[in-house]
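This report refers to the structure that appears directly beneath it.
Each reported figure results from applying straightforward, stated rules to the coordinates on display, with no laboratory input. Everything numeric here is computed off the predicted structure, so don't read it as measured data. Neighbour counts are summed over all protein chains in view; Cβ atoms, including those assigned to glycine, are modelled from backbone coordinates with ideal geometry.
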Amino acid sequence: MNTHPELIVMLTYNDVTVPQAAEVFAKCEHTRARYWGFKEAGLPFAEMRDLFARMKACGKQTCLVLPLIRRLEAAPSPGGR
């Protein structure tokens, strides 16, 4: 069981990946932070792909945060039938 906290570094600001995400990661890639990620908004696909490849090459665990789309209006209410 893991008994120490883990830091998850998200290269985002205001729910969007920062344009300089690759540069920020390059400055911090040798830190002990194992978990790194960003959101799908903010970078072109090729830059996201290259950034993930660099993170993986440095032995980091990665995540991509996708937007959650809520459709409250379309969801039937439990008692509405």
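Coupling constants for segment 26-38 follow from the phi torsions by the Karplus curve (6.51 cos²θ - 1.76 cosθ + 1.60, θ = phi - 60°), and in residue order they are 4, 6, 10, 5, 8, 6, 7, 4, 9, 9, 9, x, 7 Hz; glycine and proline get x. Taking amide H as placed 1.01 Å from N in the peptide plane, VAL9 has its amide H under 5 Å from the amide H of TYR35, TRP36, GLY37, each at least 5 places away in sequence or on another chain. Provide the net charge surrounding ARG49, with neighbours chosen by a C-beta distance below 12 Å and charges set as Lys +1, Arg +1, Asp -1, Glu -1. In short, -1. Residue by residue, segment 58-65 carries 3J(HN,Hα) couplings of 8, x, 8, 8, 10, 8, 10, 8 Hz when phi is fed to the Karplus relation 6.51 cos²θ - 1.76 cosθ + 1.60 (θ = phi - 60°); x denotes Gly or Pro.
The GluC sites (Glu not before Pro) of segment 18-70 that meet both conditions, a loop assignment by DSSP and at most 15 other Cβ atoms within 10 Å of the site Cβ, are GLU29, GLU40.
Remark on VAL65: its backbone amide H falls under 5 Å from those of PHE38, LYS39, GLU40, a criterion applied only to residues 5 or more positions apart or on other chains, H modelled at 1.01 Å from N.
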